[in-house]
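J.: Sharing a structure here in structure tokens format.
The values are calculated or read from the model by the stated rules, or taken from the named source; none is laboratory data. Everything numeric in this text was worked out from a predicted model, so none of it was measured. Using ideal geometry, Cβ is built from the backbone for each residue, glycine included, and neighbour counts are taken over all protein chains shown.
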Amino acid sequence: MIEQICAKWVDDVVAELYREHPEWYEQYGEVGREKCREDNIHHVRHLETAFQLGNISIFTDYAVWLNRILVAHGMTVQHLLDNLCRMAKTVEKRTELTPERRVFFAAALAAALDRLQS
């Protein structure tokens, strides 16, 4: 359900990331773009789980875990930081989300960014 609600947000984030980083398309191709979209769907699912349980740590722990996986596959923390930062910058404008979700998601994304940068 949350994936359907956030589909446009996910598509917008991926499009913006690939506009800002055209080298990603050269390096990872369409498969990489689709993986980025899938990753963003996972981000949204984890944000929603954290929201439902009222526990930001669920999302921050997920972000740290995901970073380890991405680094093991040749990516850098900067890839994830760019992605989560783009989500954080745009979440408050996503009217398809309830105001409570926008506030919670923004706080969870900020906490994850802080944790990944420390």
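J.: For the stretch 83-112, which positions are part of a loop (DSSP other than H, G, I, E, B) and under 16 Å from ASP12 (Cβ atoms)? Spell out how you get there, then give the answer.
T.: Residues of the stretch 83-112 that are part of a loop (DSSP other than H, G, I, E, B), as a first pass: 94-98.
If the condition is that a residue be part of a loop (DSSP other than H, G, I, E, B) and under 16 Å from ASP12 (Cβ atoms), then ARG94, THR95, GLU96, LEU97 are the ones that fit.
J.: Hey, TYR62 hits all of (1) over 22 Å from ALA111 (Cα atoms); (2) touching a helix residue (DSSP H, G or I) at 6+ places or on another chain (Cβ under 7 Å) but one; which does it fall short on?
T.: Only one criterion in (1) over 22 Å from ALA111 (Cα atoms); (2) touching a helix residue (DSSP H, G or I) at 6+ places or on another chain (Cβ under 7 Å) is unmet by TYR62, namely (1).
J.: Please pick out the residue among VAL44, VAL13 that is touching a Cys at 6+ places or on another chain (Cβ under 6 Å), under 21 Å from ARG102 (Cβ atoms) and at pLDDT 95 or above. Lay out the reasoning, then the answer.
T.: Numbers: VAL13 fails: touching a Cys at 6+ places or on another chain (Cβ under 6 Å).
On inspection, the qualifying residue turns out to be VAL44.
J.: A further question on this structure: If we keep just the residues of the stretch 25-52 that are aliphatic (A, V, I, L, M) and surrounded by fewer than 20 Cβ atoms within 10 Å (Cβ to Cβ), which is nearest to the chain's Cα centre (by Cα)?
T.: ILE41
J.: Restricting to the stretch 1-24, and then to whatever is among the acidic types (Asp, Glu) and surrounded by 12 or more Cβ atoms within 10 Å (Cβ to Cβ), can you tell me which residue is nearest to LEU47 (Cα to Cα)?
T.: GLU3
J.: Only one of (1) at pLDDT below 95; (2) under 20 Å from GLU3 (Cβ atoms) is not met by PRO22, so which one is it?
T.: For PRO22, the failing item is (2).
J.: Among the residues that make up the stretch 24-38, is at least one of them touching a residue at least 24 places away in the same chain (Cβ under 8 Å), in a helix (DSSP H, G or I) and not aromatic (Phe, Trp, Tyr)?
T.: Within the stretch 24-38 (the criterion being touching a residue at least 24 places away in the same chain (Cβ under 8 Å), in a helix (DSSP H, G or I) and not aromatic (Phe, Trp, Tyr)), the answer is yes, since at least one residue qualifies.
J.: For the stretch 59-85, how many residues meet the condition of being surrounded by 17 or more Cβ atoms within 10 Å (Cβ to Cβ) and farther than 25 Å from TYR25 by Cα?
T.: Looking only at that region, the number is 3.
J.: Then there's this: If the requirement is being closer than 16 Å to ASP114 by Cβ, in contact (Cβ under 8 Å) with a residue 40 or more places away in the chain, assigned to a helix (DSSP H, G or I) and among the hydrophobic types (A, V, I, L, M, F, W, C), which of these qualifies: LEU17, LEU80, LEU47, LEU66? Steps first, please.
T.: Numbers: LEU17 fails: closer than 16 Å to ASP114 by Cβ; LEU80 fails: in contact (Cβ under 8 Å) with a residue 40 or more places away in the chain; LEU66 fails: in contact (Cβ under 8 Å) with a residue 40 or more places away in the chain.
Matching residue, one of LEU17, LEU80, LEU47, LEU66: LEU47.
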